[in-house]
Amino acid sequence: AQTVTQSQPEMSVQEAETVTLSCTYDTSESDYYLFWYKQPPSRQMILVIRQEAYKQQNATENRFSVNFQKAAKSFSLKISDSQLGDAAMYFCATFEAGNMLTFGGGTRLMVKP
Amino acid sequence: GAGVSQSPRYKVAKRGQDVALRCDPISGHVSLFWYQQALGQGPEFLTYFQNEAQLDKSGLPSDRFFAERPEGSVSTLKIQRTQQEDSAVYLCASRQDAGGSEKLFFGSGTQLSVL
């Protein structure tokens, strides 16, 4: 079974600064996908960024980038130039052969003005 | 529709009552998923539909949980004889294609409170 671990229940960052959220996972597959989702108080899960495991290049989406370390099974999210609107719960998730996403326990990100 | 719609947004039930939660996926989306999210935790998979076929129900916690998607569009998650441990947010998600890593679109969930 897949497991996804987010070891930081809460993180805090000053507005305009950079913060990194950690995620480790366990899988027996060689081909899989990794995701970071944002969940604001509205509860809707919003896709932030996606990484294919077979790609060595780290994914980037505007202010969001990942540090994917396949051998270490680590997939951290870096948020640059943090904004107040970035405050939310962030979930790391894996997708293997099959059809379900497996989520970590989440990290609550607070952004201080 | 423009997005995945779930109703009701909030549901309060007395222990032992039956509840039905509705999900309207994006029009034309083949795949539909239900997730259960307990307070302070990540979502956990319940069940998956491809069109009207329920291909995976391995995440349903007990036989009190039942899901259907009879015409391959709207889906209903039914919980019979609700228990306090059923209190959670129930999220629905849809995907355009049958497989692969294509983007899942989530609804805003139904928050179920069992008293």
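The values are calculated or read from the model by the stated rules, or taken from the named source; none is laboratory data. Fair warning: this is a prediction, and the values are worked out from it, not measured in the lab. Please note: Cβ atoms are built from the backbone with ideal geometry, for glycine as well, and neighbour counts cover all protein chains shown. The area values use the complete protein model at the heavy-atom level, side chains included, leaving out ligands, DNA and RNA. Shrake-Rupley method; radii C 1.70, N 1.55, O 1.52, S 1.80 Å.
Some points to look at:
- Accessible area (Å², 1.4 Å probe, nearest 10) - A:Glu15: 80
- Close amide H contacts of A:Lys73 (hydrogens built in the peptide plane, cut-off under 5 Å, sequence separation of 5 or more or a different chain): none are found.
- FRET efficiency for A:Lys112 and A:Asn62, using Cβ-Cβ distance with R0 set to 22 Å, rounded to 0.05: 0.55
- Highest mobility in the GNM of chain A, judged by mean-square fluctuation with C-alpha springs under 10 Å and restricted to A:Met100, A:Met89, A:Met11, is found for A:Met100.
- Accessible area buried, both sides summed, chains A and B with 1.4 Å probe, Å²: 1700
- The stretch A:3-112: projected area of the alpha-carbon convex hull, averaged over directions, in nm²: 6.5
- Across B:Gln54, B:Gln41, B:Gln17, mean-square fluctuation computed from a Gaussian network of chain B (C-alpha pairs under 10 Å connected) peaks at B:Gln41.
- What the Cα convex hull of the protein assembly as shown gives, in volume per residue, is 122 Å³.
- Rounded to whole numbers, the Karplus 3J(HN,Hα) couplings from phi for the stretch A:61-74 are 9, 6, 7, 9, 9, 10, 10, 9, 10, 5, 4, 7, 6, 10 Hz, using 6.51 cos²θ - 1.76 cosθ + 1.60 with θ = phi - 60°, and x at Gly and Pro.
- Derived scalar couplings ³J(HN,Hα) [the stretch A:15-27; Karplus, 6.51 cos²θ - 1.76 cosθ + 1.60; whole Hz; x for Gly, Pro]: 3, 6, 8, 10, 9, 10, 9, 9, 7, 10, 9, 10, 8
- Remark: the protein assembly as shown carries 48 Å² of accessible area per residue (probe radius 1.4 Å; ligands, DNA and RNA excluded).
- Partner lysines for A:Lys70 [C-alpha distance under 27 Å; skip if fewer than 8 residues away on the same chain]: A:Lys38, A:Lys55, A:Lys78, B:Lys103
- Taking the protein heavy atoms of chain A in the context of the full set of protein chains, the accessible area attributed to carbon and sulfur is 46 percent at 1.4 Å.
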